[in-house]
Amino acid sequence: MDFIKNLGDKEAQAFIENNKELVILDVRRYNEFKTGNIPNSINIPVEELEWEIEQLEDYKDKPILVYCRAGHRSVVACNILNDAGFEKLYNLSYGTLGYTGRLEPI
């Protein structure tokens, strides 16, 4: 999966802070999302991504950081996005379990 760049915790935090065009996609279920998410995240559960992918069409040329709870669903989501023509894909390794940055509840 050469089209996915995996980012560790500190690398992801720096990428978020330094990349103004970055789109942050949370692919967890809504009940997980509302307990705490990376600020400015878009929530589309991975189970719905194929049917809701048009929501992301405007971001096709932008880098997209995808995350979930542990880093598995986000890899599935990156595959779906890549199949739909998205190319600048970044996966948050270990998901929110390994992320020490700020998470905001809704």
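A few notes on this one:
- Residue within region 85-93 that is among the hydroxyl-bearing types (Ser, Thr, Tyr), in contact (Cβ under 8 Å) with a residue 40 or more places away in the chain, surrounded by fewer than 17 Cβ atoms within 10 Å (Cβ to Cβ) and part of a loop (DSSP other than H, G, I, E, B) present: no
- Residue in region 40-61 that is touching a Phe, Trp or Tyr at 6+ places or on another chain (Cβ under 7 Å), over 14 Å from Phe3 (Cα atoms) and part of a strand (DSSP E or B) present: yes
- Answer residue from region 62-82, given it is part of a loop (DSSP other than H, G, I, E, B) and of a type outside the set (A, V, I, L, M, F, W, C) and is farthest from Pro105 (Cα to Cα) among those: Lys62
- Ile80 being in contact with a Leu (Cβ under 7 Å, 6 or more places away or on another chain), at negative phi and of a type in the set (Val, Ile, Thr): yes
- Qualifying position, being more than 22 Å from Glu104 (Cα to Cα) and of a type in the set (Asp, Glu), among Glu21, Glu32, Glu57: Glu57
- Once region 82-104 is narrowed to residues that are farther than 17 Å from Phe15 by Cβ and in contact with a strand residue (DSSP E or B) (Cβ under 8 Å, 6 or more places away or on another chain), the residue that is modelled with the lowest pLDDT is Glu104.
- Conditions (1) surrounded by fewer than 18 Cβ atoms within 10 Å (Cβ to Cβ); (2) within 12 Å of Tyr67 (Cβ to Cβ); (3) in contact with a strand residue (DSSP E or B) (Cβ under 7 Å, 6 or more places away or on another chain); number of the one not met by Lys5: (2)
- Glu32 over 15 Å from Lys5 (Cα atoms), modelled with pLDDT of 95 or more and out of contact with any Cys (no Cβ under 9 Å at 6 or more places or on another chain): no
- Cβ pairs under 9 Å, 6+ apart, first in region 1-19 and closer than 20 Å to Asn82 by Cα and in contact (Cβ under 8 Å) with a residue 40 or more places away in the chain, second acidic (Asp, Glu) and not in a helix (DSSP H, G or I): Phe3/Glu87
- Subset of region 8-21 [of a type outside the set (S, T, N, Q) and either part of a helix (DSSP H, G or I) or surrounded by 12 or more Cβ atoms within 10 Å (Cβ to Cβ) (or both)]: Gly8, Asp9, Lys10, Glu11, Ala12, Ala14, Phe15, Ile16, Glu17
The values are calculated or read from the model by the stated rules, or taken from the named source; none is laboratory data. Remember, predicted model here, so these are calculated numbers, not experimental data. Note that we place each Cβ from the backbone using ideal geometry, even for glycine, and neighbour counts take in every protein chain shown.
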